Amino acid sequence: MNTNHLSPNKLENQNYAFSKKGIRQNKILFLLSKHKHLTNKELCQELNCSEVTIRNDLRELSELNLIERTFGGASALDDTYGGISISEHLEYSTAEKYAISNYVMKHIIKPQQSIIVDTGSTCLALCERLSQYDGELGIVTNSLLNANYISQNPNLTLTIPGGVYNPTSDTLDSISTLSYYQNIYADCYFMSSNGLTANGVSLTMTVDANRAMIKKTIVEQASKVILLCDHTKINKTCFHRICGLEKISLIVTDDNCSDEERSAFESLSVPVVFAPL
């Protein structure tokens, strides 16, 4: 399968992203995230272009594992574009996300740690488990959904840096938030992502630019960066590159992956744990 004309690296290039073709393909991703499934005819009407153009766009996006082609149309993949709320994301790959959080609780979380928990549905599943944790922890998060669970446990010291709330991404981010993270250190940063390849960890274009900058800063401030991502994220490249794999201490995914997906994880230059369902 030849995708040299539209490689993952090229998708990250702003010159491509804001070209006529790049804008059209990003609109397709946005429309699919909103409607979940659209026919070729519906996409032609929305984008005012020919069906041949739409079919070519869908083929390229499918080759990049960003959408699923169906007979006469296309469907969105979970977390493909970030256009649905975090709580809705938990409706997808639910067992996998709880398997990951259960592994973290059993093998990684230790009393008296200082941790930063990212936004995202897998991190939300982790915070649900943390609400029942018996030990003492210091937890920083910019997610109101995470904070709701953490605040239920008197053993946990919760810090919310604050900022402007985005209900879709469930984040409180601002320039002052960035300054806060530049002046703290944490034992662990539990990070989420929309894409993972040998080139690194990435987030969707719809993520606020502040969030991407903040994640990059936290990566530098944590002793360990532990990436929590279910198997559907492997071999996806999204718009914002957060960091290279050399910054990741451990990847925790689920064992409900195909042989091809397992091989892709194992080929990365980072230790990987496959949490059992």
Exercise for review: Give just the number: which of (1) surrounded by 20 or more Cβ atoms within 10 Å (Cβ to Cβ); (2) without any contact (Cβ under 8 Å) to a residue 40 or more places away in the chain does residue 220 not satisfy?
Suggested key: (1)
**Study point:** Leading residue by the ranking (modelled with the lowest pLDDT) among those in segment 121-152 that are part of a helix (DSSP H, G or I) and more than 24 Å from residue 253 (Cβ to Cβ)
**Key:** 144
Point to revise | Unique residue being under 11 Å from the mean Cα position of the chain (by Cα) and not β-branched (Val, Ile, Thr) when the list is 277, 268, 245, 228 | key: 228
Check your understanding: In segment 223-238, what count of residues is obtained for those that are of a type in the set (S, T, N, Q), in contact (Cβ under 8 Å) with a residue 60 or more places away in the chain and not in a helix (DSSP H, G or I)?
Key -> 2
Check your understanding: Within segment 158-176, is there a residue that is of a type in the set (D, E, K, R), in contact (Cβ under 8 Å) with a residue 60 or more places away in the chain and not in a loop (DSSP other than H, G, I, E, B)?
Key -> no
**Study point:** Positions within segment 190-217 being surrounded by fewer than 22 Cβ atoms within 10 Å (Cβ to Cβ) and of a type in the set (Ser, Thr, Tyr), in sequence order
**Key:** 197, 206, 217
**Study point:** Scan of segment 146-167 for residues that are of a type in the set (S, T, N, Q) and open to solvent by 60 Å² or more (accessible area, probe 1.4 Å), ordered by number
**Key:** 148, 151, 152, 157
Review point. Looking at segment 239-277, which of its residues are assigned to a loop (DSSP other than H, G, I, E, B) and in contact with a Ser or Thr (Cβ under 7 Å, 6 or more places away or on another chain)?
Key: 239
Review point. Among 118, 134, which is the only one that is among the charged types (D, E, K, R) and touching a strand residue (DSSP E or B) at 6+ places or on another chain (Cβ under 7 Å)?
Key: 118
Revision key, fill the gap. Restricting segment 193-222 to residues that are among the hydroxyl-bearing types (Ser, Thr, Tyr) and out of contact with any Ser or Thr (no Cβ under 6 Å at 6 or more places or on another chain), the one modelled with the lowest pLDDT turns out to be 206
Revision key, fill the gap. If we ask which residues in segment 29-61 are within 24 Å of residue 231 (Cβ to Cβ) and open to solvent by less than 40 Å² (accessible area, probe 1.4 Å), their number turns out to be 6
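The values are calculated or read from the model by the stated rules, or taken from the named source; none is laboratory data. It should be emphasised that the depicted structure is a prediction, and the values quoted were computed from it without experimental measurement. Virtual Cβ from ideal backbone geometry, glycine too; neighbours counted across all protein chains shown. These accessible areas exclude ligands, DNA and RNA; they are computed on the full protein's heavy atoms, side chains included. Shrake-Rupley method; radii C 1.70, N 1.55, O 1.52, S 1.80 Å.
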